[in-house]
Amino acid sequence: MQAARSTLPGWNRTYPMKAMNTLLRATGLLSLSALYLAAAPMTPVRPNILFIYSDDHAQAAISAYGSTVNRTPNIDRLAAGGARFTNSFVTNSICTPGRATLLTGQYSHLNGVPVFNCFDGSRDNVAKHLQAGGYHTGMIGKWHLGSDPTGFDRWIVLPGQGEYWNPSFLVPGGRKLAITGHCTDITTDLGLEWLRTRPKDRPFFLMLHQKAPHRIWEPDERNKALFKDQVFAEPDTFRDDYATRPAALPANEQTIARDLKRVDLKLEPPVGLAGAALKEWLNVKPTEVTVDGRTLTGKDLVRWKYQRYMQDYLACVQGVDDGVGQVLDYLDQNGLAENTIVIYSADNGWYLGELGLYDKRFMYEPGLRAPLLARGPGIKAGSLPAQMVANLDLAPTFLALAGLPIPDSMQGRSLVPLLHGETLADWRPSIYYRYYHDPGHHNTHAHLGVRTATHKLIHYWKQDAYEMFDLTQDPTEQHNLLFAAGAQDPAIAAQFAELKAEIARLQKEFGDDGQYAAPADWPAGSADGPFTASESIGLKTVAEAVAATASK
């Protein structure tokens, strides 16, 4: 377990958190705030930290990562002016668990959110440490953890998934603020207003979380127009028959061919349909569609579905990129860029038709990989850290950037040395992954696995089925080496045994006994609740919304 790093004057080595607590008692510093304020270095000035987070943003939809389907010039500014991690992964590819890992630096079996459990706000989280350490902390946008944010001086969050158009936001005091417009633009404006109205005598930590490009992909009108006539080449694996992966893929319900609904495809409902009947109609997965007078079925319909999906998804991404540009421009124009670390990431990976899929969940590369880019003081422009990093490293990184100790409870590791271009011989050789939501919304089988620099092993434990891939020879994961007689090959059998041993080692290291059970006193169920809004307020301006967070 990683030790806490101290920045107390004259301390130049690493101390475990227990030793810090001993010092705390011995010196009479009885509060976390007192310790952190004493530990924080006076020079140089501690950087501001701006973390921009999107929902379901595929690496393959960022031009800095080599996208062939869109351009993201503003996210690319972070890559050009800083670092783009080339091997960035998540530990559980689904929204709510990813957000809990972001806050705690822990795997799902420790932070209490393996699926859509509500996050226990009394738990330790990175914002509480930064707040105690003198940072002005803020949370704006999609929260999706089912409980009020804690550790933030000011917060404005969407209830549950939130709405794309004319969204409501929740603020302290049980109030709901309704704001007219598109959610991506509003979230960006709320972030800019927060920056304008923050205390100027303290460093800030702002988590600016976009809803987009989450399903059901409703873009703003300007970007919708940009993509409405574009045509996209289907990925090479779009019509995958899953021949060597019979335990996992054929049963899933996240294929573009079979599982997109009328609401996803923006089909026009019959006139007069409303209420439950309208909802039922929209949730149908169509096998026949009439477009411009042509009735589409079979392969023609699948082709059309893919184009429709990509047009809306990428238009939503473009709105996020526009927002990133506005925020970066604000930092540049107000003298903040030189002392602000800007980090961009997403809660999980995403499929753009690879393996015939949309959504995330599976441990295959598009769902496992997440974008991670950072720019700011001390980060070399254009750098490409190649180490294997994960979303549980972000919380320790925020603390290290702030010069604050990293608690033993965090299972991740600070990325600051990698941002500074250091080569660390003891960096992790593999990533451990575990997905729990079974059968869930897409009938994706629960699984766990390990990814190394060259291989991947996935275990669908309920079926006791394995998949193993050589990523150097088979980067699109088409050939399960263990299928049929493959496991009898001595070389494959040896690799299989080695990867199973690595899973066992990682489970021991991270304290995962493989049998997660949520304690009875933790609220479980949908992360869309249990917010309560006792008062609903209609607001005309974003400035009013930000001001509303300061009073209860």
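The values are calculated or read from the model by the stated rules, or taken from the named source; none is laboratory data. The shown structure was predicted, so the numbers you read here are calculated from the model rather than taken from an experiment. All Cβ positions, even for glycine, are placed from backbone atoms using ideal geometry, and neighbour counts span all protein chains on display. With ligands, DNA and RNA removed, areas are computed over all heavy atoms of the protein, side chains included. Shrake-Rupley method; radii C 1.70, N 1.55, O 1.52, S 1.80 Å.
For first residues located in segment 371-390 and within 23 Å of THR101 (Cβ to Cβ) and open to solvent by less than 10 Å² (accessible area, probe 1.4 Å), partners that are among the small types (Gly, Ala, Ser) and part of a loop (DSSP other than H, G, I, E, B) and lie 6+ apart or on another chain with Cβ distances below 6 Å form the pairs ALA374/GLY82. Meeting the requirement of 3 or more residues that are in contact with a Phe, Trp or Tyr (Cβ under 9 Å, 6 or more places away or on another chain), at pLDDT 95 or above and open to solvent by 40 Å² or more (accessible area, probe 1.4 Å), no strands (runs of 3 or more DSSP E) wholly within segment 438-547 can be named. Screening GLY421 on (1) buried (at least 16 other Cβ atoms within 10 Å of the Cβ); (2) more than 17 Å from the chain's Cα centre (by Cα); (3) over 28 Å from ILE458 (Cα atoms) shows it passes everything except condition (1).
Out of all the residues in segment 225-235, is one or more more than 30 Å from HIS445 (Cα to Cα), out of contact with any Lys or Arg (no Cβ under 9 Å at 6 or more places or on another chain) and among the charged types (D, E, K, R)? Yes, segment 225-235 contains a residue that is more than 30 Å from HIS445 (Cα to Cα), out of contact with any Lys or Arg (no Cβ under 9 Å at 6 or more places or on another chain) and among the charged types (D, E, K, R).
I need the full set of residues from segment 384-410 which are within 17 Å of the chain's Cα centre (by Cα) and in a loop (DSSP other than H, G, I, E, B), in order please. Passing the criteria: only MET388.
Take the conditions open to solvent by 10 Å² or more (accessible area, probe 1.4 Å) and touching a helix residue (DSSP H, G or I) at 6+ places or on another chain (Cβ under 7 Å) and apply them to ASP153. Does it pass? When the stated conditions are applied, ASP153 passes them. How about segment 243-268: which of its residues are crowded, with 16+ Cβ neighbours inside 10 Å, in contact (Cβ under 8 Å) with a residue 60 or more places away in the chain and either not in a loop (DSSP other than H, G, I, E, B) or not charged (D, E, K, R) (or both)? The answer is THR244, ALA247, ALA248, LEU249, ASN252, GLN254, THR255, ILE256, ALA257, ASP259, LEU260.
Of all residues in segment 76-93, those being touching a residue at least 24 places away in the same chain (Cβ under 8 Å) and over 11 Å from SER383 (Cβ atoms) number 9. Residues that are open to solvent by 30 Å² or more (accessible area, probe 1.4 Å) and basic (Lys, Arg) were ranked within segment 166-197; the one that is farthest from ALA543 (Cα to Cα) is LYS176. Of the residues making up segment 456-486, just one is without any contact (Cβ under 8 Å) to a residue 12 or more places away in the chain and closer than 22 Å to ALA446 by Cβ, namely ASP464.
Only residues that are part of a helix (DSSP H, G or I) and farther than 22 Å from GLU163 by Cα were counted across segment 92-102, and they come to 2. Residue pairs whose Cβ atoms lie under 6 Å apart, separated by 6 or more positions or on different chains, with the first residue in segment 326-348 and under 15 Å from PHE398 (Cβ atoms) and at pLDDT 95 or above and the second open to solvent by 10 Å² or more (accessible area, probe 1.4 Å) and assigned to a helix (DSSP H, G or I), are ILE341/LEU401. Among all positions in segment 318-329, there is no residue which is outside any helix (DSSP H, G or I), touching a helix residue (DSSP H, G or I) at 6+ places or on another chain (Cβ under 8 Å) and either of a type in the set (Ser, Thr, Tyr) or open to solvent by 10 Å² or more (accessible area, probe 1.4 Å) (or both).
All of (1) among the charged types (D, E, K, R); (2) closer than 19 Å to LEU401 by Cα; (3) open to solvent by less than 10 Å² (accessible area, probe 1.4 Å) hold for LYS142 with one exception: (2).
Answer with yes or no whether ASN339 is within 30 Å of GLY421 (Cβ to Cβ) and among the polar types (S, T, N, Q).
yes
Considering only residues in segment 424-437 that are charged (D, E, K, R) and either more than 19 Å from PRO366 (Cβ to Cβ) or assigned to a loop (DSSP other than H, G, I, E, B) (or both), the one that is least open to solvent (accessible area, probe 1.4 Å) turns out to be ARG428.
Rundown of residues vs (1) more than 11 Å from the chain's Cα centre (by Cα); (2) open to solvent by 10 Å² or more (accessible area, probe 1.4 Å); (3) over 20 Å from GLY353 (Cβ atoms), yes/no style:
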residue: ALA58; (1), (2), (3): no, no, no
residue: LEU78; (1), (2), (3): yes, no, yes
residue: ALA83; (1), (2), (3): yes, no, yes
residue: ASN87; (1), (2), (3): yes, yes, yes
residue: GLY98; (1), (2), (3): no, no, yes
residue: THR104; (1), (2), (3): yes, no, yes
residue: LEU110; (1), (2), (3): yes, yes, yes
residue: ASP120; (1), (2), (3): yes, yes, yes
residue: VAL126; (1), (2), (3): yes, no, yes
